[in-house]
Amino acid sequence: MKHILLFSIFLIISITSFAQTGFSIKGRLIDKSTKEPLPYANIIYLKKAIGTTSNLDGIFQLHLNDANEKDSIRIQYIGYSPLILTLKEAANLNTFQLYPKLKELAEVKVKPQKFKLRKFIKTSIDLYNKNKRNEPHIAYGHYREYASYNNKYVMFTEALGYSIYSSTRVNISPLANYNFFCQNTKYASSSTWVDLFSKTGGFSTNYKKPSLGSGSNLNVFRRVELKGVLSASHWSKFSFKLDSNYYLHNSSILRIAFKRGKQKGMIHISTNNNQILKIEQTTKMYWNNLFRTKTTAHLTIDFNYFDETPFIAGIEAYSNYNNVEYTNKLTILSQKLNHFSITGREFWALNNSNFFIKYLPKKWEEQNIPICKKYDQIEQDLKQNTTTLDEQFKQYSDKWFHPDASNKPERAILLIKKLEEIF
């Protein structure tokens, strides 16, 4: 028996020019026949090898700082012929079709086999470690953190910036070689936030408020990679149990429970290609900048794949410690796919608890970041007299985060500016 694949895809997309050399690409991938969204498709700007992926609803956005209308993008999805077009061509179209690679499939007789869970886990983790990028790499992203004390919000921060992995070749601790560096920052806090910090003993003439948690999620991710369920040398110390399965656009995903001591959670793995899509777990190794200690947090780690290479798509953490509820979410907006280099000195210049705050509202409009669902209540709780949150963001702008600190790494300002050229 022969089967002919008869699918085609509509890619509903819009490209908006926001500057002379910049573009914002937005779109939604759907199956023409079923109208179902197509998640995890790759959209790549070829000139700079910058990519993004569609989400579970098939929606994506790719922001380009410096592009020419003659430059090309490639849209690719497993099982379909890639579509390559110039930005000018894309700007003149609203609907795009991707056609499948037609294959005649011979009839296959399948013999039932006993599923070996640990072998499946081993294959998946070995594949992850084999294909992950060990060289330095960079992504442009968005992070947001907020905290409440006794049910009243006391701090809110979000920033656009750069997620950088410096690699183990740079003379930096493996747990500290992945960090997020703020470029465009919104910050506001109440006196309660500062008072709580002073009671921990962290308050000093130089540091009068907690440092940002912009790198906290990446730090705990490295722990998962080096000593947790993703570790090539530690995964075998965990116990595993098949919990359930679900389907994601005709792909079967297994949800597998894992446990080792107080580490426990769920790992989601595709049976089609052994790709790890998500990890949900509880950890006691999450660093809390307010209390300056490791606390228990609930993590969700999502992955993107470009070809077979895994990259972080997002990390969300939630903790409740000493009546302070804390949420931190990192979302990758675009990933640099080819060569990137950074020296140890450059990384350390960026990796400083004191940084120069810059708030540029226009850049936020270009990125079209969804507003925090709790924003209205946060603004209500953090209002200072009649000052809105946006007015507070402007008040903090063009200042050092710790203005009284002796360390003001001017070089970091120049490095951040240089990184912008990459995207």
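Cβ-Cβ distance of residue 26 and residue 282, R₀ of 30 Å, FRET efficiency by 1/(1 + (r/R0)^6): the value works out to about 0.25. On the beta carbon distance between residue 198 and residue 122, with R0 = 45 Å, the FRET formula returns roughly 0.35. Pairs exceeding 29 Å between alpha-carbon atoms, taken from 47/122; 130/417; 241/336; 116/259; 241/284: 47/122; 130/417; 241/336.
With a sphere of radius 11 Å drawn around the Cβ of residue 300, what net charge do the other residues whose Cβ falls strictly inside it have (Lys, Arg +1; Asp, Glu -1)? With Lys, Arg at +1 and Asp, Glu at -1, the net is -1. Computed over neighbours whose Cβ is under 13 Å from that of residue 364, the net charge equals +2, Lys and Arg +1, Asp and Glu -1. Our summary gives the chain a relative contact order of 16 percent, counting only alpha carbon pairs under 8 angstrom and 6 or more residues apart. For segment 27-83 versus segment 126-161, the inter-centroid distance based on Cα atoms is 23 Å.
Adding -39500 (n - 2.57) for every DSSP H run of four residues or longer, then dividing by how many residues the chain holds, sets the calculated 222 nm ellipticity at -5500 deg cm²/dmol. Which entry in (i) 77, 56, 42; (ii) 71, 51, 45; (iii) 176, 60, 35 matches Cα extents along the principal axes in Å derived from the coordinates of this structure? Matching entry in (i) 77, 56, 42; (ii) 71, 51, 45; (iii) 176, 60, 35: (i). For segment 352-367, 3J(HN,Hα) computed residue by residue from phi via the Karplus equation (6.51, -1.76, 1.60; θ = phi - 60°) reads 10, 5, 9, 9, 8, 7, 9, 10, 10, x, 4, 5, 5, 5, 5, 7 Hz, glycine and proline entered as x. Using a Gaussian network model of the chain in which every pair of alpha carbons under 10 angstrom is joined by a spring, one finds that among 319, 191, 236 the greatest mean-square fluctuation is at 191.
Most fluctuating residue of 115, 303, 180 in a GNM of the chain with Cα springs under 10 Å: which is it? Comparing 115, 303, 180 in a Gaussian network model of the chain, the most mobile one is 115.
If the chain linking residue 35 and residue 175 were pulled fully straight, counting 0.36 nm for each residue of separation and taking away their Cα-Cα distance, it would gain 46.0 nm.
For residue 290, what charge total do you get from the other residues with a beta carbon under 14 Å from its beta carbon, if Lys and Arg give +1 and Asp and Glu give -1? Neighbour charge sum, excluding residue 290 itself: +2. Spin-label model, residue 207 to residue 418: label points 7 Å out along the Cα-to-beta-carbon direction sit 2.7 nm apart. Per-residue extension of 0.36 nm, minus the Cα-Cα distance of residue 252 and residue 390, leaves a gain of 45.2 nm for this segment. Using a Gaussian network model of the chain in which every pair of alpha carbons under 10 angstrom is joined by a spring, one finds that among 157, 300, 200 the greatest mean-square fluctuation is at 200.
Around the amide H of residue 333, modelled in the peptide plane, lie the amide H atoms of 140, 141, 142, all under 5 Å away and 5 or more residues distant in sequence or on another chain. Once the Cα atoms of helix 117-131 and of the chain are each reduced to a long axis, what angle between those two axes, in degrees from 0 to 90 to the nearest 10, is obtained? With both axes taken from Cα atoms, the answer is about 70 degrees. The gain in end-to-end length when the residue 240 to residue 68 segment is fully stretched comes to 56.9 nm, 0.36 nm per residue minus the alpha carbon separation. With respect to the chain, whose longest principal axis is taken over its alpha-carbon atoms, helix 410-420 is tilted by about 20°. Using the Cβ-Cβ distance between residue 191 and residue 260 with R0 set to 25 Å, the FRET efficiency works out to roughly 0.05.
Helix 216-227 sits at what angle to the longest principal axis of the chain, using alpha carbons and giving 0 to 90 degrees rounded to 10? Relative to the chain, helix 216-227 is tipped by roughly 50 degrees.
Where a number appears in this text, it was derived from the coordinates with a stated rule and is not lab data. What you are looking at is a predicted structure, and each value in this text was computed from that prediction instead of being measured. When we count neighbours, we look across all protein chains shown, and the Cβ atoms used for this are built from the backbone with ideal geometry, even at glycine.
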